[in-house]
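Participant: Sharing a structure here in structure tokens format.
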Amino acid sequence: MTPIKTILAEKNLDGSGEFWRSELSKITKEAVEKALAAPQGTYSLGRLMTLVSPAAEDYLEQMAQMARRLTLQRFGRTIRLYAPLYLSNYCANDCLYCGFNRTSVFERKRLTIEQALAEADIIAAEGFRDILLVSSEDRDFINVDYLAALAAKLRQKFSFIAAEIYQLSPDEYAQLFNAGIEGVTLYQETYSRPAYQYYHPAGPKSDYDNRLTAPDSIAAAGMREVGLGVLLGLSDWRLETLALAEHAHYLIKHYWRSHISFSFPRLRPAHDVDSSQFKHLLSDKNLVQMLTALRLCFADAGLVLSTRERAELRNHLVGLGITKISAGSKTSPGGYSHEHPEPIVVQGEQFEVNDTRPPAEVATMLKSQGLEPVWKDWDSAFAETGAL
Amino acid sequence: MENLKVNGIEKEFSAGRFPATLDELLKILAVDAATVVAELDGQIIERKDFAGTKLQKGQNIELVRFVPGG
Amino acid sequence: MDELIIAGRKFKSRLLVGTGKFASPQVMAKALEASAAEIVTVALRRVDIENKNDDTLAAIDRTKYLLLPNTSGARDAQEAVRLAKLARAATGINWVKLEITPDPNYLLPDPIETLKAAEILIKDGFVVLPYINADPILARKLEDAGTATVMPLGSPIGSNQGLKTRAALEIIIEQANVPVVVDAGLGLPSHAAEAMEIGADAVLVNTAVATADDPCQMAIAFKLAVEAGRLAYNAGAGAVSKKASASSPLTGFLRDK
């Protein structure tokens, strides 16, 4: 089994990208039309390249229509709802784009298990049964034992628990799985090695190769959902999409029991962040192209959208292939209980422009679009012996 | 009379004509040893051991060969 | 045509041929030659001790072909394992086509016994090529167990119906990390070409060649069909056009981004 790092290297997808930029610029509209005429839903690097090319921008409406139809066939008129529970913003890493990096000065917060459960109660009261435990790299406190203990308690009220946390070892992921966490999201942030090195100068996260193998460990531990993504804006989104797709394709081939999802965290221009340092910010149009291109190559993948994006945009995106969204998210530890004022910096993004609608209002919006909000997809009680 | 079961069929040998070895049995049956696999009481016997494998009455022998098939 | 690699061994031909149902050993030998196959399957049966028997396989030059014994006749894992071991004792080759068919009416393979037998034989050092229904999950499980290929059927043995299981075959081909050999039910060269066009690595044909009026000519036809299909697959065929029918525009909102 060729490891993913070799695959990316051999296909020139982990470098600065001159080769691919040149190839992408050569794509003609005839090539795009041919790619769109082929049966959709299965992946090939060649076809994805055509769909993310500049030439395909003129075909966005057609791609959107096809992506919508394919998603409807596979997922029906439903969309899953989840809520993030932020556990800590203490961090050992030094990522340049993130406001939580260890050199940033602000009042840090981490939750005890009891505090986390209090947050979870509020989340459950809104109707959620699907929760995502989020933490920065706070290994001393938010460690595997903490997460396992928290998950064991959360199983009583949530039917699906996932985690978006710093990288763990294969045994640690197995421990989480046994405790009831069934999904893990871990973004490579960027597949470009030069960019990765630049943005992650220090801390455990600075090791590109190590990070790249985390999804292998996640899937091997039996996690049902494996979430991938890049921080859109760190590097050329077209190349990132190709690398992301190769990663997904590799995981699908070798870990056939796991379901792959893509997320789209996007760096947004913000008033006190020097946006000139980010040369690769995406427009909404680029985001739609990326999203629909991925859907047309991965018929069964989850496409996840958070509340980082503004409300009106989310209203349009939910009909284009998104399968799971968060709503009413509070992105600081203790945010749901309002115990602490919101430090509004997460991942370097300001939260001036985002979807602050309460979950009920988001649900109404979904219904108005003919989509049924699904709060609970599976009851883990079925998996327990003696439950019936 | 001493018997051997060969391919599910009881074979009787009169006194003095009982095959001493597997090799001898094949000669008696006019089966070409070169293309045959033998099982004696459930154990596979390599072809090179046919001459050296002694037989006793009541044993169960399977003789199998490659035939056309899909 | 690019080489076929099974268990690390290279083959020029992507057509495997079965040796059964031919009118005579001589016809069989000529047809095999015409097919240019490098792997031919054989079965194991009890020697008929009541009659003076001719060795029907004497006509095959065993130095030219890899004889792949199948376990046809086995109705469960235990019988299949026994046959595999007998076959290995006969030739010293540890390749086996695992075929467990408890139903004599359609000769469909038993998935559960096949998986069981595969696991046992792989532990015992066999190179296992399992014959299965076109079940993508079963194919994945066999691959996980370590089989050298998967061999899903196109339609029941001898039925000559072609790729009735096409949709499932496409999934297996998409998901497999080992060669996929479509085996059984290929009645015409066009069926074999179709299997190769959708990405199968090889096909196995027996009845269609053996029962043709002119088996030699039919063997040649299959050989050419397999080559044509593989060349087409590698050439990247243009797709049938499917236009999306736009209703109300979904991306109008981007104009005011």
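Every number in this text was worked out from the coordinates using simple rules, so none of it is lab data. This is a predicted model, so every value here is computed, not measured. When we count neighbours, we look across all protein chains shown, and the Cβ atoms used for this are built from the backbone with ideal geometry, even at glycine.
Participant: Relative to the longest principal Cα axis of chain C, at what angle does helix C:25-35 sit, 0 to 90 degrees, rounded to 10?
Facilitator: 30
Participant: Could you identify which residue out of C:166, C:75, C:62 has the top mean-square fluctuation in a GNM of chain C using Cα springs shorter than 10 Å?
Facilitator: Of C:166, C:75, C:62, the most mobile in the Gaussian network model is C:62.
Participant: Report the gain in length on full extension from residue C:124 to residue C:30: 0.36 nm times residue separation, minus Cα-Cα distance, nm rounded to one decimal. Kindly include the intermediate steps, with their values, before the conclusion.
Facilitator: Details: separation 94, 0.36 × 94 = 33.84 nm, distance 3.54 nm.
30.3 nm is the gain from fully extending residue C:124 to residue C:30.
Participant: In Å, what Kirkwood hydrodynamic radius results for segment A:140-231 from the alpha-carbon pair distances? Before the final figure, lay out the partial values.
Facilitator: On the way: mean 1/r = 0.0727 Å⁻¹.
For segment A:140-231, inverting the mean 1/r across all distinct Cα pairs yields 13.7 Å.
Participant: Just flag the GluC sites (Glu not before Pro) in segment B:17-48 sitting in loop per DSSP whose Cβ has no more than 14 other Cβ atoms within 10 Å. Provide the component values of the computation, followed by the final result.
Facilitator: On the way: sites: B:24, B:39, B:46; in loops: B:46.
When the GluC sites (Glu not before Pro) of segment B:17-48 are filtered for loop state and at most 14 Cβ neighbours within 10 Å, B:46 remain.
Participant: Let me ask you something else. Under a 5 Å amide H to amide H cut-off, with H placed in plane at 1.01 Å, what residues pair with residue C:44 once short-range neighbours are removed?
Facilitator: Correct list: B:67, C:70, C:72.
Participant: Listed here are the pairs C:97/C:223; A:109/A:330; A:34/A:324; A:253/C:223; which of them are more than 23 Å apart at the Cα?
Facilitator: Numbers: C:97/C:223 21 Å; A:109/A:330 14 Å; A:34/A:324 30 Å; A:253/C:223 31 Å.
From C:97/C:223; A:109/A:330; A:34/A:324; A:253/C:223, over 23 Å: A:34/A:324; A:253/C:223.
Participant: Select from A:249, C:196, C:11 the residue farthest towards the positive end of the dipole of the protein assembly as shown; place +1 on Cβ of Lys and Arg, -1 on Cβ of Asp and Glu, and compute about the Cα centre.
Facilitator: C:196
Participant: Another question about this same structure. Please determine, in degrees from 0 to 90 and to the nearest 10, the orientation of helix A:113-125 with respect to the longest principal axis defined by the Cα atoms of chain A, where the helix direction is its Cα long axis.
Facilitator: Once rounded, the angle reads 70 degrees.
Participant: Among A:375, C:95, rank each residue by its count of other Cβ atoms within 10 Å, from fewest to most, as a rough exposure measure. Let's see the in-between values first.
Facilitator: Values: A:375 17, C:95 21.
With the sparsest Cβ surroundings first, the list reads A:375, C:95.
Participant: Right, another one. DSSP loop (so not H, G, I, E, B), at most 15 other Cβ within 10 Å: list which chymotrypsin sites (Phe, Trp or Tyr not before Pro) in segment A:36-121 pass both filters.
Facilitator: On the way: sites: A:43, A:59, A:75, A:82, A:86, A:90, A:97, A:100, A:106; in loops: A:43, A:90, A:97, A:100, A:106.
Passing sites in segment A:36-121 are A:106.
Participant: With θ set to phi - 60°, apply the Karplus curve 6.51 cos²θ - 1.76 cosθ + 1.60 along segment B:57-70 and write out the HN-Hα couplings as whole Hz, x wherever there is a Gly or Pro.
Facilitator: 5, x, 6, 10, 10, 10, 10, 10, 9, 6, 9, x, x, x
Participant: Given Cβ point charges of +1 (Lys, Arg) and -1 (Asp, Glu) and nothing else, what value in debye, to the nearest 20, does the dipole of chain A about its Cα centre take? Present the calculation step by step, with values, prior to reporting the outcome.
Facilitator: Values: 41 positive and 48 negative charges, 191 e Å.
The calculated dipole for chain A is roughly 920 debye.
Participant: What is the order of C:230, A:193, A:266, fewest Cβ neighbours within 10 Å to most?
Facilitator: Numbers: C:230 24, A:193 17, A:266 21.
So the residues, fewest neighbours to most, are A:193, A:266, C:230.
Participant: Taking only the alpha-carbon positions of the protein assembly as shown and ignoring solvent, what does the Debye formula give for the base-10 log of I(q)/I(0) at q = 0.06, 0.08 Å⁻¹?
Facilitator: -0.47, -0.75
Participant: Now, a different point. Calculated FRET efficiency, residue A:300 and residue A:117, Cβ-Cβ r, R0 30 Å, to nearest 0.05?
Facilitator: Working: r = 34 Å, r/R0 = 1.13.
Result of the calculation: an efficiency of 0.35.
Participant: Once amide H atoms are placed 1.01 Å from N in the peptide plane, what residues at a sequence separation of 5 or more from residue A:78, or on another chain, have their amide H within under 5 Å of its amide H?
Facilitator: A:372
Participant: Working from Cα positions, state the angle (0 to 90°, nearest 10) between the long axis of helix C:136-145 and the longest principal axis of chain C.
Facilitator: 60
Participant: Name the residue farthest towards the positive end of the dipole of segment B:2-65 from the options B:40, B:15, B:52, assuming +1 on Cβ of Lys and Arg, -1 on Cβ of Asp and Glu, about the Cα centre.
Facilitator: B:15
Participant: Next question. Separation between the residue A:104 and residue A:311 pseudo-spin-labels, each 7 Å from Cα along Cα→Cβ, expressed in nm?
Facilitator: That separation, rounded to one decimal, is 2.5 nm.
Participant: Which of the aspartates and glutamates could a cross-linker span from residue A:285 if the Cα-Cα distance has to be under 18 Å and same-chain partners fewer than 8 positions apart are dropped?
Facilitator: Cross-link targets: A:57, A:58, A:61, A:236, A:240, A:309, A:312, C:256.
Participant: Can you pull the mean other chain C-beta count within 10 Å for peptide A:57-66? All intermediate terms of the calculation are to be shown ahead of the outcome.
Facilitator: Values: counts 0, 0, 1, 4, 7, 6, 3, 7, 8, 4.
That works out to 4 on average.
Participant: Between segment A:308-327 and segment C:44-120, what's the alpha-carbon centroid distance in Å?
Facilitator: First find each Cα centre; the distance between them is then 58 Å.
Participant: Could you give me the ³J(HN,Hα) list for segment A:319-325, computed from phi with Karplus coefficients 6.51, -1.76, 1.60 and θ = phi - 60°, whole Hz, x at Gly and Pro?
Facilitator: Coupling constants for segment A:319-325: x, 10, x, 5, 10, 8, 9 Hz.
Participant: In addition: What aspartates and glutamates could a cross-link reach from residue B:27, if we take a straight Cα to Cα line under 20 Å and drop same-chain neighbours fewer than 8 places away?
Facilitator: Excluding near neighbours in sequence, the set is B:2, B:10, B:12, B:39, B:41, B:46, B:49, B:62, C:48, C:50, C:54, C:55.
Participant: Among A:301, A:83, A:152, which one shows the highest mean-square fluctuation when chain A is modelled as a Gaussian network with alpha-carbon springs under 10 Å?
Facilitator: A:152
Participant: Under the Cβ-under-4.7 Å rule, which cysteines of chain A stay unpaired?
Facilitator: Cysteines of chain A left without a disulfide-compatible partner: A:91, A:297.
Participant: Which cross-chain or sequence-distant (5 or more) residues have an amide H under 5 Å from the amide H of residue C:205, H modelled 1.01 Å from N in plane?
Facilitator: Hits under the 5 Å cutoff: C:16, C:17, C:18.
Participant: Express in % the proportion of alpha carbon pairs of chain B at distances exceeding 13 Å. Spell out each step's value before the answer.
Facilitator: Values: 1524 of 2415 pairs.
When all Cα pairs of chain B are counted, 63 percent exceed 13 Å.
Participant: Sticking with this one: Work out how much length residue C:214 to residue C:197 would gain on full extension: take 0.36 nm times their residue separation and subtract the Cα-Cα distance, in nm to one decimal. It would help to have the intermediate numbers written out before the result.
Facilitator: Details: separation 17, 0.36 × 17 = 6.12 nm, distance 2.57 nm.
That works out to 3.6 nm of additional length.
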